[in-house]
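Beneath this line is the structure, given in structure tokens, with notes to follow.
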Amino acid sequence: DAKTTQPNSMESNEEEPVHLPCNHSTISGTDYIHWYRQLPSQGPEYVIHGLTSNVNNRMASLAIAEDRKSSTLILHRATLRDAAVYYCILRTSGTYKYIFGTGTRLKVLA
Amino acid sequence: DSGVTQTPKHLITATGQRVTLRCSPRSGDLSVYWYQQSLDQGLQFLIQYYNGEERAKGNILERFSAQQFPDLHSELNLSSLELGDSALYFCASSAPEAGWGTEAFFGQGTRLTVV
């Protein structure tokens, strides 16, 4: 299973943008990059996914490096409700698993 | 609300016992995934079913088993329980495979405490 590497924790001030990095140097050509987040006492929640091009949705933006060996989740204006553990996952083609790593714990300061 | 329903929300049982966790996927979703989350192990993939058939297996112990029924709900059976089985158990579902970009929707989890 292809693996991802994320910083253990990050801090951001409220109302400021947050860039959460993820390295996935062993990604293969057909692996999708997914991001999920887990708020305290809740199940993981889908945030965004992409394959090659940058993606935007109402929650966040996903910037994917040209060689696809890394990606960055961008929260444009962090709020206190964005404090969560953010997981970067590779959805490996040919298997059906979402393999979660340790994630990045985001702390948002008021 | 993700649309995935897990019951019960909390379960306390003794070592050596057997329990069954239930998951109702979102309407129309054919895939069901089970995950275990403990403090020291993070989210561990256990098993996936698609339309009643096992599709993928992860770090699932032999004491654990699962199945998906014709109405697409799934059950995770945990037997000969040990203290180390205490964890949050999550179920997730996703739509029929339309490519590898399909997102999964997670339930709120069942917190199992083995005493």
Expressed to two decimals, chain B has a Cα Rg over Rh, using the Kirkwood radius, of 0.96
Over all alpha-carbon pairs of the protein assembly as shown, lay out the pair-distance distribution in 5 Å bins, whole %, shortest bin first. 1, 7, 15, 18, 18, 16, 12, 7, 4, 1, 0
Under a 5 Å amide H to amide H cut-off, with H placed in plane at 1.01 Å, what residues pair with B:Ser86 once short-range neighbours are removed? B:Val114
Number of Lys pairs (Cα under 22 Å; 8 or more positions apart or on different chains) in the protein assembly as shown: 5
So for region A:47-86, using the alpha carbon gyration tensor with a ≥ b ≥ c as root eigenvalues (a/c under 1.5 gives rounded; past that, a/b versus b/c decides prolate or oblate), I'd call it prolate
Work the Kirkwood hydrodynamic radius out for region A:16-65: mean of 1/r over every pair of different alpha-carbon atoms, inverted, in Å. 12.3
Over every pair of different alpha-carbon atoms in chain A, take the mean of 1/r and invert it; report that Kirkwood radius in Å. 13.9
Would you mind checking which residues have amide H under 5 Å from B:Val4's amide H? H placed 1.01 Å from N; only 5 or more apart, or other chain. none
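Values in this text are rule-based calculations from the coordinates and carry no lab data. Values in this document were obtained by computation on a predicted structure and should not be read as measured data.
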